[in-house]
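The values are calculated or read from the model by the stated rules, or taken from the named source; none is laboratory data. Owing to the predicted nature of the structure, the values given are computational and were not obtained by experimental measurement. In this analysis, Cβ positions are derived from the backbone assuming ideal geometry, glycine residues included, and neighbour counts consider all displayed protein chains. With ligands, DNA and RNA removed, areas are computed over all heavy atoms of the protein, side chains included. Shrake-Rupley method; radii C 1.70, N 1.55, O 1.52, S 1.80 Å.
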Amino acid sequence: YTPTHVRKLGGGRADRYAKFLIEEVKPFVEREYRVLPGSLHAGIGGSSLGGLVSLYLGLKHSAIFGKIAALSPSVWWNQLFIHRFVKALRVERRPRIWLDIGTREGARMVEDVERFRDLLLQGGWRLEQGLHYERVEGAEHNEIAWAQRVRPFLEFLYPASPGAV
């Protein structure tokens, strides 16, 4: 789930994972299920390292993924690699991004995610238009905390159309 390899931790196969998603999973879903076409309807998301890889792949492949959910993303990976990546990034389309962090995940984690948010803002995203950031009071780095944020991130990334039931 990581974009780069770190000697002591491993990883570094995010691009291989992207190839699997883009060339195998996405075509299968589009062939077997009724889905709306195009990047405006395709999203990627995850938590922790899954949030990191979702940011990396969603930003790198913004023509394919128009929406990104990153819950408590591990932006600390490889000395803040994702910070350097987004600074150098030139995207044609800015994906809609949900970004959050719990206050009980550690002060350093909160700071790193907020610095990442600021880099997105410097890159042209606007809060509550294409970017939602939330600091979740009391939330820890675990599935229980993330489960409580599923509905809000889905409502932000996939808002109901006017007149929808």
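Ordering Leu52, Leu36 from largest to smallest accessible area (1.4 angstrom probe), what's the sequence?
If we order Leu52, Leu36 from most to least accessible, we get Leu36, Leu52.
Of all accessible surface on the chain at a 1.4 Å probe, what whole percent is carbon and sulfur?
Here it works out to 52 percent.
Would you mind listing how long the chain runs along its three principal axes, going by Cα atoms, in whole Å with the largest first?
Ordered largest first, the chain gives principal extents of 42, 35, 32 Å.
Just the ratio, please: alpha-carbon radius of gyration of the stretch 1-78 over 2.2 N^0.38 Å, N its number of residues.
1.13
Skip the ligands, DNA and RNA, and give the accessible area per residue of the stretch 37-157 with a 1.4 Å probe, whole Å².
49 Å²
Measuring from centroid to centroid over Cα atoms, what is the spacing of the stretch 66-100 and the stretch 116-141 in Å?
10 Å
Sum up the lysine pairs in the chain that clear both bars: alpha-carbon distance under 21 Å and a spacing of 8 or more or different chains.
Values: Lys19/Lys60; Lys19/Lys67; Lys26/Lys60; Lys26/Lys67; Lys60/Lys87; Lys67/Lys87.
Value for the chain: 6.
By accessible area of protein heavy atoms, probe 1.4 Å, what ranking do Tyr17, Tyr158 get, highest first?
Values: Tyr17 70, Tyr158 95 Å².
Solvent-accessible surface, decreasing: Tyr158, Tyr17.
Leaving ligands and nucleic acids out of the surface, order Glu140, Glu105 by accessible area at 1.4 Å, largest first.
The residues order as Glu140, Glu105, largest area first.
At 7 Å along Cα-to-Cβ for each site, give me the label-to-label distance between Gln79 and Glu32 in nm.
4.3 nm
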